[in-house]
1. Which of the residues belonging to the stretch 186-204 are more than 22 Å from residue 78 (Cβ to Cβ) and either modelled with pLDDT of 95 or more or not small (Gly, Ala, Ser) (or both)?
2. Being in contact with a helix residue (DSSP H, G or I) (Cβ under 9 Å, 6 or more places away or on another chain) and closer than 24 Å to residue 244 by Cβ: is that true of residue 144 here?
3. Of the conditions (1) modelled with pLDDT under 95; (2) of a type outside the set (D, E, K, R); (3) in a helix (DSSP H, G or I), residue 183 clears all except one; give me its number.
4. Anything in the stretch 154-178 that is more than 25 Å from residue 221 (Cβ to Cβ), among the aliphatic types (A, V, I, L, M) and under 22 Å from the mean Cα position of the chain (by Cα)? List them, or say none.
5. Between a residue in the stretch 266-278 that is touching a residue at least 60 places away in the same chain (Cβ under 8 Å) and of a type in the set (Phe, Trp, Tyr) and any residue that is buried (at least 23 other Cβ atoms within 10 Å of the Cβ) and part of a strand (DSSP E or B), which pairs come within a Cβ distance under 8 Å, given they are 6 or more apart or on different chains?
6. Condition first: out of contact with any strand residue (DSSP E or B) (no Cβ under 7 Å at 6 or more places or on another chain), closer than 19 Å to residue 304 by Cβ and polar (S, T, N, Q). Now tell me which residues in the stretch 161-201 satisfy that.
Amino acid sequence: MEQLSNEDKTIESTMILVQETYDHFPKQFIWPKDHLSQTSSEELNEHVIDLQGFLMNDKEATLNAANLVKESCLSHGFFQVVNHGVDPGLLELAHEHGRAFFKRPITEKLKCKQKEGSIVGFACAHAQRFREKLPWKELLTFEYHENGPHDVVEEFFNVTMGAQYKETGLIYQKICRSINKLALDILDLLEISLGVDGHNHNYYRQLFEDSVSIVRCNHYPQCNKPDLTYGVGPHCDPNTLTILYQDQVGGLEVFVDNKWKSVHPNRNALVINIGDTFRALSNGVYKSCLHRVSVNSFKPRLSLAFFLCPKGDMELKAPQDLVDKHRRKRYPDFKWEELLQFTQKNHRADENTLEEFTKWLLSSKQIME
């Protein structure tokens, strides 16, 4: 058997800490008390939006859906969608393959471990990036290219993990294609809800014609001390939209009205989070969704997240009429690769990422000038 490198051994040690039960909880997973004191005892009564009429170009249904989207995004940037066009059987099949992967031995999973400077591959608790406040989870990340190689997801599984994962790659390729279509449709709905000038029709969709999105399978093992840690700490996603398929275990929580509220899993729905990039693209009109994930001591949790991202060098800015309406431009123009690198190298994603990125970007440009 191939010997594990020192780096692999470090990840393996972290993995063991995650999977086993200890009387003394590992300190790198313990979060500050001021983060942990705000427990979620109330359930979020978010909008569950039926997309069937909108997807069939029904004008009345579209306006109704757009109004619900607007209400959600002005408040907290979170809603769920049903009749979304993504095959529920395919979603569940993706989860089956995800569960099977995370049950594999650590040596098997490390065959596709994340390399330094890369976001794709297997990682445990982001231990390769952070040394404290680690999330109680392991993850498998890959990319989906809308107009790139049509089999980029299949290739990831075949090349990095072996021929036995061919079926897994095919399933994830199909589901990514379907979720990406939904993501672009939701961008159209967001555009309608914002009342973007008709001369800018499909303004947002055009920014994502060559999108390179990030896809992540998240596994949250059982935890013997769930009151000391998080599956994911409080943060806003830096990307544009997040479309999430979760199992029925629960754990997702959203910050609304100055309190944390839990999200009841809906078997027929997909979760939609507004990210920091779309907050900037809406000129700050819509909120990024501040959310977190709690863990439990009785059952593991699994989710599949599709992070819609533009091509790295795409210039991003809000439509001019949104700027004119509010008589000021809230955020500078930026490229997605700049925000992505900021969150990978300069700032751990939290509720202040977009503000901190704006300061950093303006400072960087002043230095260059």
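1. We begin by selecting, within the stretch 186-204, every residue more than 22 Å from residue 78 (Cβ to Cβ); these are 197-203.
Correct list: 197, 199, 200, 201, 202, 203.
2. For residue 144, the condition - in contact with a helix residue (DSSP H, G or I) (Cβ under 9 Å, 6 or more places away or on another chain) and closer than 24 Å to residue 244 by Cβ - is met.
3. (1)
4. Within the stretch 154-178, just 170 meets the criteria.
5. Between residues of the stretch 266-278 that are touching a residue at least 60 places away in the same chain (Cβ under 8 Å) and of a type in the set (Phe, Trp, Tyr) and residues that are buried (at least 23 other Cβ atoms within 10 Å of the Cβ) and part of a strand (DSSP E or B), the close pairs are 278/241.
6. Within the stretch 161-201, 168, 173, 178 qualify.
Yes/no per residue for (1) among the hydroxyl-bearing types (Ser, Thr, Tyr); (2) more than 23 Å from residue 35 (Cβ to Cβ); (3) in contact with an Asp or Glu (Cβ under 7 Å, 6 or more places away or on another chain):
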residue: 220; (1), (2), (3): yes, no, no
residue: 241; (1), (2), (3): no, yes, no
residue: 251; (1), (2), (3): no, no, no
residue: 257; (1), (2), (3): no, no, no
residue: 281; (1), (2), (3): no, yes, no
residue: 297; (1), (2), (3): yes, no, no
residue: 316; (1), (2), (3): no, yes, yes
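This table checks each residue for (1) more than 22 Å from residue 195 (Cα to Cα); (2) out of contact with any Pro (no Cβ under 8 Å at 6 or more places or on another chain).
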residue: 234; (1), (2): yes, yes
residue: 241; (1), (2): no, yes
residue: 290; (1), (2): yes, no
residue: 305; (1), (2): yes, yes
residue: 318; (1), (2): no, yes
residue: 329; (1), (2): no, yes
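The values are calculated or read from the model by the stated rules, or taken from the named source; none is laboratory data. Being a predicted model, the structure only gives us computed values, none of them experimental. Virtual Cβ from ideal backbone geometry, glycine too; neighbours counted across all protein chains shown.
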